[in-house]
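See structure below.
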Amino acid sequence: MAQEQPKEVRSEFIYFALRNRKLRVGLGILVFFLLFAILGPFLTEYEPNAYVGPSAQPPSSEFWFGTTTFGQDVYSQFAHGLRSTFIVGLIGGGIGTLIGVLIGLLAGYRGGMVDESLNMLTNIVLIIPTLAVLIIIAAYLAVRGIFTESVFIGLTAWPWAARAIRAQTFSLRAREFVDLARMSGCNSLRIVLTEIAPNMMSYLLLVFILQFGGAILNAATLDFIGLGPTRGMSLGLMMNNAVLWAALQLGMWWWLIPPGAAIAAIVGALYVMNVGLDEVFNPKLREM
Amino acid sequence: MLRLDNISKVYKVGTFGGKELHAVSNVSFDVKDGEVVSLIGESGSGKSTIGKMILRLIPLSSGAISFNGVDISTLKGSALKEYYRNVQGVFQDPFSSYNPIFKADRVFSIIKEEFFPEMGSREWTDRLENSLRAVGLNPPDVLNKFPHQLSGGQLQRFLIARALLLDIQFLVADEIISMLDASTRIDVLNLLADLKSRGLSILFITHDLSLGYYISERAVMLYRGRVVEMGATEKIYDNPLHPYTKMLMASVPRLDKKWAEAEMELKARPSEILRGCVYYERCPVADKDCASYSPALLEVESDHSVACFHYTERE
Amino acid sequence: MSLQVENLTVYYQTLRGDVQALESATFTIQDGEIMGLAGESGCGKTTLGHSLIYLKPPMRFIKGHVTLDNEELPVWDMERMNDFRFKKISIIPQYAMNAMNPTRKIGKMAEELLGSRKMDFRAILPELKRRLDLVKLSHDVLNMYPIELSGGMKQRMVMVLSALLNPSLLIADEITSALDVSTQKAVAEMLVEFRDREFVKSMIVITHDISILYQIADSIMIMYAGQLAEKAPTDVIIHSARHPYTKLLISSLPKVGVKYAEKRLTGIAGSPPLLLHPPVGCRFRDRCPLAFDQCLEVPPFVEIEKDHFVACWKVLEENAQA
């Protein structure tokens, strides 16, 4: 009959979080790559795109990840690319989450016409062929930075988050403490921000993690087909170049595999973390 | 003080909203100053819907509700907020009335922020502690705690104290003790009765006949959204007229007498009756007229009205 | 024959330690007896009911003996209890009527249920139909989906299924709480009918609503905070209870005919203790107006007159003096 103490609930979450293997493994992999992204570039004096050595060299003590066809240091490219991957994930995922949350909360709480029109907006954005739009944009913007790419990804990835949050908001709205707040004279905005949103915190965290992973994948795909930033380095771009210059056929595995493996590992780790967190927050899923 | 005038609530249900569900149909009654009225009905009777319409949590489909002569069904903004200064509600489940991630006191601080923003903190603390004592709680025992650290009875009293902070005149109590333990129920009930003797009007919504008898002067019996009988509590209980009320009195398990041997009619899910008397399908004395016309409430004796053809035809 | 429970002790495992939900329960139920098990939330009545038939984690068996029809029930062993469940002892769990698979027709569900017990559905079908007639359910019910039935109908269906194999003991856990008043009466009376027709030998009816028990139970056992407080024939409990808790509880129940203005009822101050670290001795001690030093020791559940058991030092003292 009695419910959980929020303070104890928080510490109970932490207890289960620390014991959840999926969460530990996923977080571990993520943190490893994050540290690599932050510190990695400092371990090399070579610029990613500079021509610094003999071409097509396998990994050696001088060039840890070998060199590309043009004699660029693969390790340097990898480390810098990892950085931009994380940046895109953060900004793109962040924007997607923000828009999704705002629209979801608004549609879920107000209902009626507001809900109908926001639903229509969501559906439209959902069916827009992002690739076609991106090609058009690419044609107009000669120079694209990583920020532009992140924003674009964010602006097209929010619909599913909005849907999910709308559903959550609907169910929370019917709870009695919301009625009580209405009877206390609170206006809608206040209720949404102070009563409903805090109850969804765990859910919002999961949404953000999925958006983060999705943005990284999205960026990798775009980079791979050449629609990524025109400057800078990213993992997807590495893979793009590797394929363009027949790395696979020429046996230059050190150019193609690290970036692909890294993306797969990071996104995989994020999804595994997500499942683990779900178990932490939802007692019914825990294996006791 | 509060008057309900022919109010109805219709929901659109079914795929594409084709069908209609009449949760409340043409209900009218009033609650006078300092009076406790029991709204008695089982699940599906519409009693909670009526409570929520009075509290402006659900819009009316038709009819009007007036409080001290003012129509409240269309109030908005600051006028609505003024209404909440006078009318509040307490619901059935004490635990879901609190946001589980915050402390229970938050319900008070919201009231202060919305209604008493300029009050000094010392004055507010005094007012708060007085309210808590008025509901039988000891302030140091219950303040600064999370909802789960308090019992159901304490949480319900908290909510009553919150209503008292506003100096309300009218309280809607929707099954407020049905989720409490037997030993605390009576204490909260006695509290309501005490408050009534100090001038509070209460609409006591319940399915439990003995509670209605204990605390209210007048009762309104509700069946599937319509009023079937209403009047002075004693008159209804001593002399139930409507077949539904009679069935209720005979079926409710009592501690002073055993159930009579009468056979109970058990039907499948009732269909939606739009014409005819709402009790037609289960009524032991229904005749064919009852299927086509809906009886109106007619006063059979002073302060005792019933909606049944068997009484209105008796003239 | 009958049910004998001796010193049954069951705890709940939680992160913070063991919740001592049921402590040394000792009582007997005769053949043909419908015993009501009542008490407030947290008193252990559901724990007791479930431990007799389905003791699974987080419940943990500590000690005790349960004998049904002169045969020991291995309640601590979920596997071995399989042989007894449904056949010798059966339960209608709380919310059972909502536990039916919405995508299965009732008949199919019954078939699967019996199949899992290695029973032939077709062989039992005639008896099933006879029982459906008894509870006034048409045979068509077997071809319907749960959503087509009302709450009362679903409850009756579950009752029929639970009692189908004529168990010696049927446990009914809060089966009337979600029903309308008229359906409650019908369902409660049906329980008595099952006993009268000897489909079931004895019953334990768990509820918090004592007035239902007054209508149908032969005896009532009152529990408080995991301990047995009193067991006696129904009339005795309602009109001449001896345990202080029982007396306070009965007197706090509003009855039709009693008005606040005429007679103000009183409740019991305080609230039940948390069972994570329960108080020593009698757990009602803190709220009891008659508590004295002896109460620091757990009072024994003793027969003070025929079929009337009480666990209270004060009552024993009064009896000794009488």
*Options C:Ile250, C:Ile238, C:Ile268; residue that is within 14 Å of chain B (Cβ to nearest Cβ), over 21 Å from the mean Cα position of the chain (by Cα), under 22 Å from C:Gly42 (Cα atoms) and among the β-branched types (Val, Ile, Thr)*: C:Ile268
*Would you mention how many residues in the range B:28-57 are over 22 Å from B:Val10 (Cβ atoms) and either in contact with a His (Cβ under 8 Å, 6 or more places away or on another chain) or outside any strand (DSSP E or B) (or both)?*
5
*From the list C:Ser202, C:Ser219, C:Ser168, C:Ser162, which residue is more than 30 Å from C:Glu111 (Cα to Cα) and either more than 14 Å from chain B (Cβ to nearest Cβ) or surrounded by 22 or more Cβ atoms within 10 Å (Cβ to Cβ) (or both)?*
C:Ser219
*asked:* Just to check your reading of the model, which residue among B:Phe116, B:Phe95 is within 14 Å of chain A (Cβ to nearest Cβ) and free of Cβ contacts under 8 Å to residues at least 24 places away in the same chain?
replied: B:Phe116
*Residues that are surrounded by fewer than 24 Cβ atoms within 10 Å (Cβ to Cβ), within 14 Å of chain C (Cβ to nearest Cβ) and hydrophobic (A, V, I, L, M, F, W, C), drawn from the range B:156-179*: B:Met179
*Select from the range B:70-92 the residues that are at pLDDT 85 or above and more than 10 Å from chain A (Cβ to nearest Cβ) and list them in ascending order.*
B:Val70, B:Asp71, B:Ile72, B:Ala79, B:Asn86
*Answer yes or no: is there a residue in the range B:130-151 that is within 11 Å of chain A (Cβ to nearest Cβ), touching a residue at least 40 places away in the same chain (Cβ under 8 Å), within 24 Å of B:Ile54 (Cα to Cα) and not in a loop (DSSP other than H, G, I, E, B).*
no
*asked:* Condition (residue is touching a Pro at 6+ places or on another chain (Cβ under 7 Å) and among the polar types (S, T, N, Q)) applied to the range A:85-100: is it met by at least one residue?
replied: no
*Considering only helices (runs of 4 or more DSSP H) fully contained in the range A:68-182, which possess at least 1 residues that are surrounded by 22 or more Cβ atoms within 10 Å (Cβ to Cβ) and touching a strand residue (DSSP E or B) at 6+ places or on another chain (Cβ under 9 Å)?*
A:74-110
*Regarding B:Arg185, is this residue closer than 30 Å to A:Phe177 by Cβ, facing chain C (nearest Cβ under 9 Å) and either buried (at least 22 other Cβ atoms within 10 Å of the Cβ) or not aliphatic (A, V, I, L, M) (or both)?*
yes
_Given (1) hydrophobic (A, V, I, L, M, F, W, C); (2) out of contact with any helix residue (DSSP H, G or I) (no Cβ under 7 Å at 6 or more places or on another chain); (3) part of a loop (DSSP other than H, G, I, E, B), index of the condition B:Leu60 fails_ = (2)
_Single unsatisfied condition, C:Lys154 versus (1) within 30 Å of C:Ala25 (Cα to Cα); (2) among the charged types (D, E, K, R); (3) within 13 Å of another protein chain (Cβ to nearest Cβ); (4) surrounded by 16 or more Cβ atoms within 10 Å (Cβ to Cβ)_ = (1)
*Hey, can you tell me all the residues within the range C:303-322 that are part of a loop (DSSP other than H, G, I, E, B) and exposed (fewer than 11 other Cβ atoms within 10 Å of the Cβ)?*
C:Lys306, C:Ala322
*Any residue at all in the range C:292-314 that is within 14 Å of another protein chain (Cβ to nearest Cβ) and out of contact with any helix residue (DSSP H, G or I) (no Cβ under 7 Å at 6 or more places or on another chain)?*
no
*Could you run through the range B:231-244 and say how many residues are in contact (Cβ under 8 Å) with a residue 40 or more places away in the chain and crowded, with 16+ Cβ neighbours inside 10 Å?*
8
*Quick one: in the range C:55-85, of everything that is at pLDDT below 90 and among the aromatic types (Phe, Trp, Tyr), which residue is farthest from C:Leu275 (Cα to Cα)?*
C:Phe84
*Run down C:Gly64, C:Gly36, C:Gly42 and say which single residue is surrounded by 17 or more Cβ atoms within 10 Å (Cβ to Cβ), touching a residue at least 12 places away in the same chain (Cβ under 8 Å), on the phi > 0 side of the Ramachandran plot and within 14 Å of chain B (Cβ to nearest Cβ).*
C:Gly42
*Taking the range C:265-302 only, how many residues are aliphatic (A, V, I, L, M), buried (at least 18 other Cβ atoms within 10 Å of the Cβ) and either closer than 30 Å to C:Asp218 by Cβ or touching a residue at least 40 places away in the same chain (Cβ under 8 Å) (or both)?*
2
*Just a yes or no: is a residue in the range A:101-123 modelled with pLDDT of 90 or more, hydroxyl-bearing (Ser, Thr, Tyr) and more than 28 Å from A:Leu270 (Cα to Cα)?*
yes
_Under 7 Å between Cβ atoms, which residue pairs at least 6 apart in sequence (or on different chains) link something in the range C:100-125 that is farther than 26 Å from C:Gly151 by Cβ with a partner that is assigned to a helix (DSSP H, G or I)?_
C:Gly115/C:Phe121
_Which listed residue, of B:Asp187, B:Asp194, is outside any loop (DSSP other than H, G, I, E, B), without any contact (Cβ under 8 Å) to a residue 40 or more places away in the chain and not aromatic (Phe, Trp, Tyr)_ = B:Asp194
*Of the residues that make up the range C:143-151, is at least one over 15 Å from C:Ile34 (Cα atoms), in contact with a Gly (Cβ under 8 Å, 6 or more places away or on another chain), away from chain B (no Cβ under 13 Å) and touching a residue at least 12 places away in the same chain (Cβ under 8 Å)?*
yes
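The values are calculated or read from the model by the stated rules, or taken from the named source; none is laboratory data. Quick caveat, the model's predicted, so the values are computed rather than measured. Backbone-built Cβ (ideal geometry, glycine too); neighbour counts: all protein chains shown.
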